[in-house]
Amino acid sequence: MAWHREPVTSQRTVLVTGASSGIGRATAQLLLERGHRVIGTSRDPARIPAESRLEGVVYRALDLTDIYAIEGFVAALGAEGHRVDVVVNNAGESQSGPLEDLPVGALERLFRLNVLGPVHLTQLLLPGMRHRGYGRVVMVGSMLASFPLAYRSSYVATKAAIKGFATAARFEMAPYGVWLTTVEPGSINTGISERRTKYIAENSPHSKAFRTMLRTLDRNEKEGIAPARVARTIVRAIEADEPDALYAVGSNAPAVFALQRALPRSLVENVLARKFGISPKPADQG
């Protein structure tokens, strides 16, 4: 059966999750400036400060940890006549902690929010995109998925997972004019350091190295690039005729990825660890 490819137009309806602050808000603002229609989600839109609200954004409540809420959300959009052409899966939680100290409940919540929720939202929106012959799905990941960091294992795993979904499913949907891509930001100055969840056991043997890593991480984020720069990369991916599988931005991404290709992986891992004050040598057990 022949399928219909929708004519290219300059204006699209874009769903941006986590649109109340940081990268999500910057992306929503740029999309509005580019003439697109924007639906922005937040756990509780009523609590978005007036100064953070963007005129022109249609705000909707969405809890990505609740599968049934996601299904109701998509059904409500359809009932209201909203046809989503593009989804930017941006909402998520930043989590840190030694692997042996991470509570199972915290891991489950993180994977529901950062992986299962965005993936199910995408699943529900893909059929409409495929039917119309046009769609874009942008997973907002992290360069940590390409360059894993100690004490960030849970967060790294979620960002690697959404990149895996997008990359593996990319050519399932491309024949229908629907492209999946991942944008990996490096250090971004969004204030996320204050919102990051941290888990470490009392008297943990990892306490000293964990605190050292956090200090470096917080400093890098305060000195990181502005969310608007990531937003420009996201919009470039959305508006490309055939978006690339991966876009990386910030933290000297071009040079860093070039070094990753040129140097042994073990050397890259050791350099990254030392940059954050983490030694790969055996700890003093005395």
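Counting pairs of alpha carbon atoms under 8 Å apart in space and at least six apart in sequence, what relative contact order in percent does the chain give?
On the way: 485 pairs, mean separation 55.5, N = 286.
Averaging sequence separation for qualifying contacts and normalising by length gives 19 percent for the chain.
Place a +1 charge on the Cβ of each Lys and Arg in the chain and a -1 charge on the Cβ of each Asp and Glu, then give the dipole magnitude about the Cα centre in debye, rounded to the nearest 20.
Magnitude of the dipole: close to 500 debye.
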message: Please compute the alpha carbon radius of gyration of the range 161-239, then divide it by the globular-protein estimate 2.2 N^0.38 Å. Two decimals is fine.
response: 1.53
message: Using the Kirkwood formula on the Cα atoms of the chain, what hydrodynamic radius do you get, in angstrom to one decimal?
response: 19.8 Å
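Where a number appears in this text, it was derived from the coordinates with a stated rule and is not lab data. As the structure is a computational prediction, the values presented were derived from the model and not from experiment. With ideal geometry, Cβ positions are generated from the backbone for all residues, glycine too; neighbour counts draw on all protein chains shown.
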